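Asks: There's a structure below that I have some questions on.
No lab work stands behind these numbers, since they all come straight from the coordinates. Everything numeric in this text was worked out from a predicted model, so none of it was measured. Cβ placement follows ideal geometry from the backbone for every residue including glycine, while neighbour counts extend to all protein chains displayed.
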Amino acid sequence: DVKVTQSSRYLVKRTGEKVFLECVQDMDHENMFWYRQDPGLGLRLIYFSYDVKMKEKGDIPEGYSVSREKKERFSLILESASTNQTSMYLCASSFNFRGEQFFGPGTRLTVL
Amino acid sequence: GIQVEQSPPDLILQEGANSTLRCNFSDSVNNLQWFHQNPWGQLINLFYIPSGTKQNGRLSATTVATERYSLLYISSSQTTDSGVYFCAVEKLTFGTGTRLTIIP
């Protein structure tokens, strides 16, 4: 079975802190994705990566950056966390770019 | 960008009932997936179905790409089917989901 893991289930940070969210997949997938999920807005794509060191902006990249130094790991970085970044963050991976996506359990981030 | 609409937004059913969830999308797609998000937040991929019909146990899905909609059928509902069902297209744009509650 595909396994996608995320570094934390719950995280509390202060405004202005630098925040790292880590995602690891064990199925040698080329593509990895970061989404955020908010009530009433559903899931929205922040960034995705189709190869090591390659990244593309999604629908809402502002305030975020990403890093993919190894194929299995995709990191989401909040350079200076703000309260409007309080959300559930979900990582996913897929073999083909438009192929079946597998999701991690999510990280619920609260920025105070 | 492409728009994805799901209906109904909420559905409450007795255990054993059947249900049909609908997903409409505004443009042609090469990728359509159905997901179930359980009460703990985990998203599970149910179907990858850009066209045609697929079945997996009590669940089945049909996508009519030329008419830009997809249907998810759940038969003989169980309480474990409760949660939110999402349709997503392309890379991925998600609908806002259908919240299904199955009452014992």
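Asks: Pull up the DSSP beta bridges for chain A and report the antiparallel fraction as a percent, rounded to 5.
Replies: Values: 35 of 39 bridges.
Taking every DSSP beta bridge with both residues in chain A, the antiparallel ones total about 90 percent.
Asks: May I pose another question? With unit charges on the beta carbon (Lys/Arg positive, Asp/Glu negative), name the residue among A:F97, A:W34, A:S87 whose Cα is farthest towards the positive pole of the charge dipole of chain A.
Replies: In chain A, that residue is A:S87.
Asks: Assuming 0.36 nm per residue, please report the length gained on full extension of the stretch A:E56 to A:I77 beyond their Cα-Cα distance.
Replies: On the way: separation 21, 0.36 × 21 = 7.56 nm, distance 1.43 nm.
Full extension from A:E56 to A:I77 adds 6.1 nm.
Asks: So for chain B, taking the charge dipole from beta-carbon charges (+1 Lys/Arg, -1 Asp/Glu), which of B:I44, B:I103, B:S7 sits furthest toward the positive end?
Replies: The one lying farthest along the dipole's positive direction is B:I44.
Asks: What are the semi-axes of the equivalent ellipsoid for chain B, taken as the square roots of 5 times the Cα gyration tensor eigenvalues, largest first, in whole Å? Don't jump to the answer; show the numbers that get you there.
Replies: Values: eigenvalues 99, 38, 27 Å².
One finds semi-axes of 22, 14, 12 Å for chain B.
Asks: Here's a follow-up. With each label point set 7 Å from Cα along the Cα-Cβ vector, what nm distance links A:R44 and A:T110?
Replies: Here the modelled spin labels are 2.2 nm apart.
Asks: Label points 7 Å out from Cα along the Cβ direction at A:K3 and B:D10: separation in nm?
Replies: It works out to 3.8 nm between the two label points.
Asks: Evaluate the distance, in nm, between pseudo-label points positioned 7 Å from the Cα of A:F20 and of A:F97 along their respective Cα→Cβ axes.
Replies: The two pseudo-label positions are separated by 2.9 nm.
Asks: Report the calculated FRET efficiency for B:D27 and B:Q55 (r = Cβ-Cβ distance, R0 = 45 Å), to the nearest 0.05. Please report the intermediate quantities before stating the final value.
Replies: Numbers: r = 27 Å, r/R0 = 0.59.
For B:D27 and B:Q55, the calculated efficiency is 0.95.
Asks: HN-Hα J couplings of the stretch B:72-86 from phi, Karplus 6.51/-1.76/1.60, θ = phi - 60°, integer Hz, Gly and Pro as x?
Replies: 10, 10, 10, 9, 6, 3, 10, 4, 6, 7, 4, x, 10, 9, 10
Asks: Once the mean 1/r over all distinct Cα pairs of the stretch B:48-104 is inverted, what Kirkwood radius in angstroms do you read off?
Replies: Numbers: mean 1/r = 0.0800 Å⁻¹.
For the stretch B:48-104, the Kirkwood estimate is 12.5 Å.
Asks: Oh, and also: How about the stretch B:1-95: which GluC sites (Glu not before Pro) there are in a DSSP loop, with at most 16 other Cβ atoms within 10 Å of their Cβ? Don't skip to the answer; put the middle values down first.
Replies: Values: sites: B:E5, B:E15, B:E67, B:E90; in loops: B:E15, B:E90.
For GluC sites (Glu not before Pro) across the stretch B:1-95 that sit outside H, G, I, E and B with at most 16 neighbouring Cβ atoms in 10 Å, the list reads B:E15.
Asks: Right, something else. What is the pair-distance distribution P(r) of the protein assembly as shown, computed from all Cα-Cα distances in 10 Å bins starting at 0, with each bin given as a whole percent?
Replies: Cα pair-distance distribution for the protein assembly as shown, in percent: 8, 34, 35, 19, 4, 0.
Asks: Under 27 Å Cα to Cα from A:K71, which lysines show up? Leave out anything in the same chain fewer than 8 places away.
Replies: The qualifying lysines are A:K3, A:K18, A:K53, A:K55, A:K57, B:K91.
Asks: If R₀ is 25 angstrom, what is the calculated FRET efficiency for the pair B:V64 and A:K70, using the beta carbon separation as r and rounding to 0.05? Kindly include the intermediate steps, with their values, before the conclusion.
Replies: Values: r = 41 Å, r/R0 = 1.64.
E between B:V64 and A:K70, to the nearest 0.05, is 0.05.
Asks: So, one more: Kindly state, as a whole number, the per residue volume in cubic angstrom of the convex hull around the alpha carbon atoms of chain A. Before the final figure, lay out each step's value.
Replies: Details: hull volume 10.4 nm³, N = 112.
Spelled out: Cα convex hull of chain A, divided by residues, is 93 Å³.
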